[in-house]
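Let me begin by presenting the structure, written as structure tokens, before commenting on it.
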Amino acid sequence: MMAFFTPDNRLEQLGNKVLEATLSQFPELAADQLALTWIVYDPPVIVNTGGAISAEEFWKHPVRGFSYRGTERIYPASVVKLFYLVAIHEWLENQMAMESEELNRAIRDMIVDSSNDATSLVVDVLTGTTSGPELSDGPFETWKYQRNIVNRYFYSLGWQDLTPINVNQKTWCDGPYGREKAFVGKNGENRNRLTTNAVARLLHSIIGGVTVSSARSQQMMPLLKRSLNPEDLATNQEENQVTGFLGQVLPLHAELWSKAGWTSQVRHDAAYIQLPDYQPYLLIVFTEGKNNSQNKAILPFISQSIMAAMGQI
């Protein structure tokens, strides 16, 4: 499968060094428990322009990138909320959903606080379905068809990177019950699945200001912006989406837009990073495995290593 970015020898050399250093530093992290996509924006930078570039022009610009296991389908945890963010803006733009104060609150809390309860409402609005007791066969088939509407939307974009994804499940604290349990499958065979390349493609389009519309992309950006101020991080140490993730090692004068995801089995982050005197870049990292998901040092180590590599470009 061809990725949306252009492979680059220099990035491959630097990326492989980062991988070697990471696997050496964390021997409990197996090579097949890590996936990574790294995109570098060369001048003229075509992202974060405030919507100054048209979608047609944007997609003509090639970008350099490197990926490791970038097409592996992995349970994304809360990173999937990026896809629900884009979908709900598409629905609102085309009046397939009605804007309301409550929906706006849920959209915000889904991304800013990574609220699963807020995500549940957004998925209900997107699909016209609700959670609840198990359904008989006929109604359940209709319900399942409706729940796949977000998948159908993303497949309709025709982006090869999105071909392997599955984004039809809610996110949970304790897990699904009733019809939700029946839908995800006894062994989770219908769980959400994303690749780091798919996440990179979607985030690339949001940062580029061409997702849904320029105005809609500009509404998404502030929700993804993360404070690096230690005082702000201290007030919510457990779930600030910076501590234990890619943003932890960034200097105060850096700028970060990101969406993290974590469970007892995975720890992921998807970030767009701007540093003074460096080219901007995207970094998507997925890690799997119970020990690795609890290790808050792995993602910051990778981020620090990529930051050092950016200094060599």
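What follows draws every value from the coordinates through simple rules; no lab data is involved. Predicted, not measured: the structure shown is a model, and the values here were computed from it. All Cβ positions, even for glycine, are placed from backbone atoms using ideal geometry, and neighbour counts span all protein chains on display.
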- Task: Would you kindly state how much longer the chain becomes between Asp277 and Lys225 on full extension, computed as 0.36 nm times their sequence separation minus their alpha carbon distance, in nm to one decimal?
- Result: 16.7 nm
- With x for Gly and Pro, the residue-by-residue ³J(HN,Hα) of the stretch 280-292, computed from phi through the Karplus equation 6.51 cos²θ - 1.76 cosθ + 1.60 at θ = phi - 60° and given in whole Hz, is x, 8, 9, 9, 10, 10, 10, 10, 10, x, 4, 5, 6
- Distance in Å, no decimals, from the C-alpha centre of the stretch 61-89 to the one of the stretch 117-135 is 22
- Mind giving me the FRET efficiency for Glu12 and Tyr177? R0 is 35 Å, r the Cβ-Cβ distance, nearest 0.05 is fine. 0.15
- Return the lysines within reach of Lys296: Cα separation strictly under 17 angstrom, same-chain partners fewer than 8 residues apart disregarded; answer none if there are no such residues. Lys259
- Task: Could you work out how far the C-alpha centroid of the stretch 4-26 sits from that of the stretch 272-298, in angstrom?
- Result: 13
- Note on the structure: Asp124 and Glu239 label points (each 7 Å along its Cα→Cβ direction) are spaced in nm at 1.8
- Give the shape of the chain as rounded, prolate or oblate, defined through the alpha-carbon gyration tensor: a ≥ b ≥ c are the square roots of its eigenvalues, a/c under 1.5 means rounded, and otherwise the shape is prolate if a/b is larger than b/c and oblate if not. prolate
- Peptides 281-293, 194-206: what's the order by average Cβ count within 10 Å, highest mean first? 194-206, 281-293
- Message: Given an 8 Å cut-off on Cα distances and at least 6 residues of separation, report the relative contact order of the chain as a percent.
- Response: 25
- What residues from the stretch 260-301 fall in the zone where the backbone N is under 15 Å from a label point 7 Å along the Cα-to-C-beta line of Arg73? none
- Residue-averaged 222 nm ellipticity for the chain, from DSSP H runs of 4+ at -39500 (n - 2.57), nearest 500: -12000 deg cm²/dmol
- Query: Where in the stretch 29-55 is the amide nitrogen less than 18 Å from a point lying 7 Å along the Cα-to-Cβ axis of Ser213?
  - Reply: 50-55
- Item | Long pairs among Lys144/Lys186; Lys144/Lys181; Lys81/Lys181; Lys17/Lys225, criterion Cα-Cα beyond 22 Å | Lys17/Lys225
- Measuring from the longest principal axis of the C-alpha atoms of the chain, the long axis of helix 9-25 (C-alpha) lies at a number of degrees, nearest 10, equal to 80
- Task: Give the relative contact order (percent, whole number) for the stretch 140-249; include only Cα pairs under 8 Å separated by 6+ residues.
- Result: 17
- Relative to the first principal axis of the alpha-carbon coordinates of the chain, what is the inclination of helix 298-310, with its axis defined by its Cα atoms, in degrees from 0 to 90 and to the nearest 10? 50
- Task: Taking 7 Å along the Cα-to-C-beta vector as the label spot, tell me the Phe140-Ser54 distance in nanometres, rounded to one decimal.
- Result: 5.0
- Sort Met110, Met220 so that the residue with the fewest other Cβ atoms within 10 Å of its own Cβ comes first and the one with the most comes last. Met220, Met110
- Against the longest alpha carbon principal axis of the chain, how many degrees, from 0 to 90 and to the nearest 10, is the axis of helix 116-127 turned? 60
- Residue span Thr163 to Met96: 0.36 nm per residue of separation minus Cα-Cα distance leaves a gain in nm of 21.7 nm
